[in-house]
Structures are given as structure tokens and as C-alpha cells.
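Here the structure is laid out as C-alpha cells; the discussion comes afterwards.
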Amino acid sequence: MALEFSVQAKQQIDRLLTRYPNKQAALLPVLHVAQDEFGHLPDEALDLVARTLELPPSHVYGVITFYTMFHRARTGTNHLMVCTNISCQLKGGDAILEHCEKKLNIKAGETTADGAFTLIEEECLAACANAPMMICGTDYFLDLTPAKVDVILEDLRKKHAERKRQKA
Amino acid sequence: MGWEDAKGIKIVTKNFGVANSHKLAVYQQRGGWNAFKKALALQPTALVDEVKKSNLRGRGGAGFSTGMKWSFVPKEAKRVYLVCNADESEPGTCKDRELLAFDPHLLIEGMAIASYALRCKHAYIYIRGEMMREAKIVQAAIDEAYEAGFLGREHSAAAGGFKLDLTLHRGAGAYICGEETALLNSLEGKRGWPRLKPPFPAVRGLFQESTIVNNVETLMNVPDIVEKGGDWFAKMGTPKSGGTRIVCVSGHVKKPGVYELPMGIPFKNLIYDVCGGMSGTAKLKGLIPGGSSMPPLDASEIDVPIEFDALMTDPRIKDVEVKPGVPFDMGGGRKLKTMAGSGGIVVFDESTDVVALTARIMKFYAHESCGQCTPCREGTGWLARICKRLAIGEGRPGDVDLLANISVGIAGNTICPLGEAAAWPMLGFLTKFRADFEAKLKASKAVAA
């Protein structure tokens with residue numbers, strides 16, 4: 001079945017289109033809107049964006065696959081991005097990622113069976129003075145230790161369960 | 001003025017620590033938007049001259065004169081775009097993110113003044129996709145500036161009238177989009193592939209129009225230059241670099257952090273005075289002076305000042321070599337030392353596995369190569385794999401020389417500087433810490449047997 005944007009998303013896209021001299025320039029922002037709306041960007045979403053912006057689907061595909069934040073497959077509610085680049089490496093970032101893998105029982109790049117977490121090994125996230133660190137959405141978790149990670153994961157898991165209950 | 005006389009002067013971090021510094025009301029209480037009013041009373045060309053006089057140099061990495069860049073916009077240009085590069089992703093760099101979070105209005109005012117000087121009617125902020133929190137803060141600040149009439153409304157006080165629109169544009173995860181022409185392609189809704197220069201963006205940039213791309217910190221210096229004068233700004237720096245410098249210190253120091261410091265403070269004072277010395281018992285082994293794409297300094301080279309020209313030319317810094325005794329030629333016999341880059345200073349002590357550190361840097365560039373140019377697409381992957389096998393004791397005879405050869409094959413042979421961003425630190429680490437690489441090679445199974 002062909003996907004459609006919600007009324008709110010359509011309004012958002014109309015506003016975005018006023019900010020650029022042509023429709024193609026709104027592609028990244030519209031893809032963000034689409035991903036927020038559908039959770040990820042399967043072929044149907046790709047086609048919808050291409051139709052909306054009057055672009056060839058091949059162009060949209062090329063763009064989606066170039067950027068790491070666009071996901072073709074379903075991902076978890078929480079995108080846990082753990083930095084392992086140099087400043088974090090020097091302060092134990094690799095051990096933090098390993099700890100997350102063990103606690104969530106998945107490898108970096110995978111999603112937990114309950115759909116609560118997708119674990120991502122990230123490049124430098126620009127909080128080097130507080131290494132090791134990770135982000136989840138708009139939240140920064142700084143100066144991490146394995147014990148701190150345990151508390152954060154537990155908290156995020158609770159919030160995920162709560163949201164699920166509210167939806168049901 | 002020596003660096004010690006400029007201690008304590010804050011320009012871009014002047015509102016750090018003030019409650020609700022990201023709110024327009026607080027920003028205005030502290031003198032915000034006065035510089036803009038002053039600017040509108042001047043001719044745009046006078047503003048460009050003032051910025052030239054200030055010796056403000058680009059804080060994104062290259063250190064090019066901002067006023068000079070602005071003057072490259074052709075007089076006959078029909079449409080001009082100003083784009084703020086807020087795609088901070090150079091490993092070890094964390095200044096722009098804090099600047100955006102704590103003082104977004106200083107950036108907006110800086111962009112409004114710059115736009116008036118450049119005759120730009122619609123400016124863009126390209127913010128890194130992962131910075132979701134900062135994007136919210138900056139968007140809220142833009143909305144406030146629209147409501148207050150600084151944006152989106154005609155300013156009749158300006159010579160010839162002036163009205164500016166400002167749009168926040170989020171990236172989506174690609175380090176290469178910090179390179180200005182890749183950023184412009186990304187902003188046009190394409191893959192972030194760098195463009196060949198010339199034409200330079202000032203002549204043909206965003207949507208094929210004249211475009212100036214400036215870093216966050218660079219633009220945030222503009223209001224104070226207008227308010228206090230280019231001479232004031234130029235006087236506090238070194239002869240060719242005006243103003244202060246933000247450094248982001250990470251790694252093995254007691255007090256890592258983002259600091260606004262006098263231009264020209266030596267690394268030694270930074271580590272032992274500002275940052276309280278090394279964090280552990282191990283001594284300093286070396287540091288990366290300006291983000292992961294810059295060749296490192298070893299412990300004997302930390303007396304040099306943190307300043308654009310000094311890091312490229314100071315005789316106390318050893319030349320980067322292809323092999324012992326043979327300096328790397330950047331073209332035309334120019335030798336490579338290092339660069340001040342993005343201000344991301346990564347300090348490491350004697351306990352550090354330098355080969356593993358280099359391997360992590362190379363893994364990063366292999367991941368971030370956009371794939372357009374063969375030397376970079378293939379070469380960064382080779383560097384990453386060879387470094388890694390050395391780091392884990394699986395090196396093969398000749399690997400150390402091979403790393404240098406591959407680096408020489410990449411540098412200078414690609415459209416954009418990502419090639420050098422991998423090749424330069426690779427050669428730099430080999431030059432300064434060759435013994436570490438040789439030791440790893442010797443300990444490798446294939447070589448030991």
C-alpha cells in the first residue's frame with residue numbers, strides 16, 4: 001500500500017519548501033520528516049518523498065544511502081550512539097561500547113528483539129572534553145563508566161515500556 | 001600585545017555561565033544586537049574593510065583571512081548566500097557544539113552583520129545531523145529573532161535597505177559535509193560530494209550563486225569586531241592572527257574542557273597551567289594540535305605557540321618525513337610541520353598505544369571517505385587495515401614503509417583535503433613515533449618468525 005504523509009507532516013513540508021529556491025534542496029529536511037513519521041525509510045517512503053519533491057527515486061535512493069542517519073530497515077526506539085573515536089578511545093570508549101553490547105546482548109549496528117534499542121558505534125560526537133560519552137536523541141551522557149551506563153540503560157528501558165503501555 | 005596580556009579576554013564565550021544565555025532577552029540585556037545597529041549605519045564595504053583590518057582568520061581549520069574571503073564576492077553578483085558551517089565533526093573538536101548551545105544569538109547577530117556586509121538576503125546554518133539538541137536550541141533562537149523583527153523584516157536604517165531570512169538546515173551524518181563544497185552539495189539535496197575548485201564558492205557556490213561559507217566561531221567574533229573595532233581585535237592576537245582562540249582539550253589532562261584563550265599561548269602553558277597538568281602518573285608522550293587530521297607534536301615540541309602560522313613554520317617543530325631523513329614535499333618543495341586546524345587538542349601520555357591510536361584515526365577516514373577519488377577511497381581503507389593489523393600484532397614485513405608510501409600516493413591527488421586529512425597524520429605519527437611502529441612490527445608473529 002502506498003504511504004501518505006499525515007496532515008501535520010504535509011504542513012511541515014509546505015513550510016520547508018518556502019525556505020529553498022527549488023524542491024530538491026528540501027530533500028534532507030523532508031527525509032528527516034519522513035523518517036520521524038515512518039520510523040525508517042523503506043521503498044514506499046522513498047517513493048513518497050520522490051513524488052512529493054518531483055525527484056527521480058534513484059536520486060533519493062542515492063542520497064539516503066550516502067548519509068548514516070537515514071535507515072532503510074526498522075530500528076529501535078532508542079538510538080544509542082556510543083563514540084569510540086580518539087578522545088573517547090583514550091578514556092575507555094571501547095570498553096563502554098563493549099559493555100553496552102554485553103548488557104543489550106547485541107552487537108553494534110544491531111537492534112534488540114524488543115525494539116527498545118539500536119546500538120551504534122559512532123564517530124566523534126563533539127563532547128571530547130567529557131569522554132567517554134554517548135548520545136540518545138537529544139540527551140548527552142557524559143564522563144561514562146560501566147556503572148553509569150547500567151543506570152542509563154535501565155532508565156531508557158523503563159521509559160520504552162511506559163510508552164508501549166500508553167500506546168496499548 | 002603578548003599572549004599573557006590578553007589573558008581573561010572573552011569574546012565568543014562572554015555569555016558562558018550566564019543563566020538562560022540562549023534566550024534573546026538575556027542576550028539583549030547583555031548588549032546583544034547593539035553591534036548590528038552600529039553596522040547598519042555603515043556601508044557594507046566599510047564592514048568588509050573592518051573585518052580585514054581585524055586579522056580574523058577562519059576558525060574551522062584552514063585559518064584563511066575572513067575579510068579577504070568576504071572581498072572575493074564579485075561586485076556584480078546578483079545574489080549572494082552566506083552559509084554557516086556548523087557541521088563540527090573533526091575528532092577531538094567540541095567547541096562549536098558548546099557555542100551553539102550556550103549563545104545561539106551571538107551567531108545569529110554575527111550572521112546578520114555578515115549578511116549585510118555581503119549583501120546576502122537568505123543565509124543558512126548547516127548543522128550536523130547528530131546535534132539534535134543543539135538544532136532545537138538554534139531553531140528556537142531563530143524563531144525568537146524572527147518574532148523580535150531582527151530577521152524577516154525590512155531594516156530601513158540600512159543603506160539601501162536590508163532584510164534577512166535565516167534557515168537552519170540539518171545534515172544527516174557524513175563528516176565530509178564539513179568540507180565547504182560538499183556542504184553546498186548536501187544543502188542542495190545531493191550526496192555530499194566535494195566539488196572541484198575553481199570555481200571557488202565566492203564566485204559560484206550554493207545554487208550556482210556567490211557564496212561565503214564561514215565557521216560558527218568565526219562568525220561569532222564579528223559582532224565584537226564591529227562594536228570595538230578591527231584594531232582592537234587585531235592588537236590582542238599575534239601580528240597576523242587577531243583575537244582569541246577556542247581550544248578543546250581532551251585526553252590525559254586533569255582538566256579537559258573548552259577554553260577561550262589568548263591567541264599564541266604555548267601548548268606547555270595550556271597543559272600545565274590551564275588544564276592542571278597530566279591526569280595520571282605517566283608523562284606526556286605527545287599531542288594532536290588541531291583535530292585528528294593534523295600531524296602530532298611530540299613532548300619536545302610543546303613550547304610552540306598555538307597560532308596558525310607558528311604551527312606551520314616554527315623551526316622547533318620537526319618536518320614531517322616520508323622516511324627518516326627525507327622530508328615530505330607538499331608540492332614545490334614546501335615542507336609540512338602541522339597546523340592549528342580546528343583547535344581540537346588531544347593530549348596523550350606514555351601509557352598510550354600510539355599505533356592503536358593511529359589505527360583509530362585511519363579507521364575514521366576510511367569510513368568517512370566519500371568514495372569519489374580513487375586514491376582516497378582505496379588508500380584510506382589500506383591505511384586503516386594495515387594500521388590495525390600492526391596494532392594487533394599481525395603486521396607483515398615492510399608494513400611501516402608501506403604506510404608511508406600509500407600516504408604519499410594519496411596526498412595531493414584528490415578533489416578535497418580528506419585525502420591529506422588521512423595522509424598527513426599518518427606520516428606525522430610515523431615521523432614522531434616511528435619506534436612505536438617498528439616495535440609493533442618486530443613483535444608481529446609473521447615478522448618474529
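The numbers here are math on the coordinates, done by the rules we state, and not lab data. Quick caveat, the model's predicted, so the values are computed rather than measured. Because the Cβ atoms are built from the backbone with ideal geometry, glycine has one as well, and the counts that use them run over all protein chains shown.
FRET efficiency for the pair residue A:147 and residue B:163, taken as 1/(1 + (r/R0)^6) with r the Cβ-Cβ distance and R0 = 41 Å, rounds to 0.15. Remark: the Cα gyration tensor places the range B:108-255 in the rounded category, a/c being less than 1.5.
For the range A:23-128, the extents of the C-alpha atoms along the principal axes are 47, 30, 18 Å, listed from largest to smallest.
Gyration tensor over the Cα atoms of chain B: the corresponding equivalent ellipsoid has semi-axes (square roots of 5 times the eigenvalues, largest first) of 39, 24, 19 Å.
Scaled to the compact-protein estimate 2.2 N^0.38 Å, what is the alpha-carbon radius of gyration of the range B:3-236, rounded to two decimal places?
Working: Rg = 16.5 Å, N = 234, 2.2 N^0.38 = 17.5 Å.
It is 0.94.
For the range B:385-449, the residue among B:426, B:391, B:407 whose Cα projects farthest onto the positive side of the dipole built from Cβ charges is B:391.
Build a GNM of chain B with springs between Cα atoms under 10 Å apart, and of B:270, B:107, B:219 the one that fluctuates most is B:270. Taken one residue at a time, the phi angles of the range B:285-298 give Karplus couplings (6.51, -1.76, 1.60, θ = phi - 60°) of 9, x, 8, 9, x, x, x, 5, 8, 9, x, x, 10, 9 Hz. Gly and Pro are set to x. For the range B:269-314, the Kirkwood hydrodynamic radius from C-alpha pairs, put into Stokes-Einstein at 10 °C and a viscosity of 1.306 mPa s, yields a diffusion coefficient of 136 µm² per second. Applying a DSSP loop filter and a limit of 15 other Cβ atoms within 10 Å to the trypsin sites (Lys or Arg not before Pro) in the range A:29-134 leaves A:72, A:74, A:107. What lysines could a cross-link reach from residue B:75, if we take a straight Cα to Cα line under 25 Å and drop same-chain neighbours fewer than 8 places away? Partners within reach: B:37, B:38, B:52, B:53, B:121, B:163, B:197.
Across the alpha-carbon set of the range A:78-167, the Rg to Rh ratio works out to 0.97, Rh being the Kirkwood radius. The Kirkwood hydrodynamic radius of the range A:7-66, based on inverse pair distances between different Cα atoms, is 11.4 Å. This ranking places B:109, B:144, A:122 by how few other beta-carbon atoms lie within 10 Å of each, fewest first, which gives B:144, A:122, B:109.
Only lysine pairs 8 or more places apart or on separate chains count here, and in the range B:232-315 those with Cα atoms under 17 Å apart total 7. What the Cα convex hull of the range B:168-313 gives, in volume per residue, is 163 Å³.
For B:312, B:294, the sequence from fewest to most other C-beta atoms within 10 Å is B:312, B:294.
Karplus-derived 3J(HN,Hα) values for the range B:417-433, using 6.51 cos²θ - 1.76 cosθ + 1.60 with θ = phi - 60°, are x, 4, x, 5, 4, 8, 5, 4, x, 4, 5, x, 5, 5, 5, 7, 10 Hz; glycine and proline are entered as x. Placing unit charges on the Cβ atoms only, positive for Lys and Arg and negative for Asp and Glu, gives the range A:78-167 a dipole magnitude near 480 debye about its Cα centre.
Applying D = kT/(6 pi eta Rh) to the range B:291-449, where Rh is the Kirkwood radius over alpha-carbon pairs, T corresponds to 25 °C and eta to 0.890 mPa s, the Stokes-Einstein value obtained is 155 µm²/s. Here's the list of lysines a cross-link from residue B:23 could span, going by alpha-carbon distance under 17 Å and ignoring same-chain residues fewer than 8 apart: B:14, B:136. Residues whose amide H falls under 5 Å from that of residue A:78, counting only those 5 or more places apart or on a different chain, are A:117, A:118, with hydrogens built in the peptide plane.
Compared with the rule-of-thumb size 2.2 N^0.38 Å for a compact globular protein, the protein assembly as shown has a Cα radius of gyration ratio of 0.95. Sparsely packed loop sites in the range B:220-268 (the trypsin sites (Lys or Arg not before Pro) outside DSSP H, G, I, E and B with at most 16 other Cβ atoms within 10 Å) comprise B:240, B:254. Starting from the range B:313-382, pick out the chymotrypsin sites (Phe, Trp or Tyr not before Pro) whose DSSP state is loop and whose Cβ has at most 10 other Cβ atoms within 10 Å. Hits after loop and neighbour filter: nothing returned.
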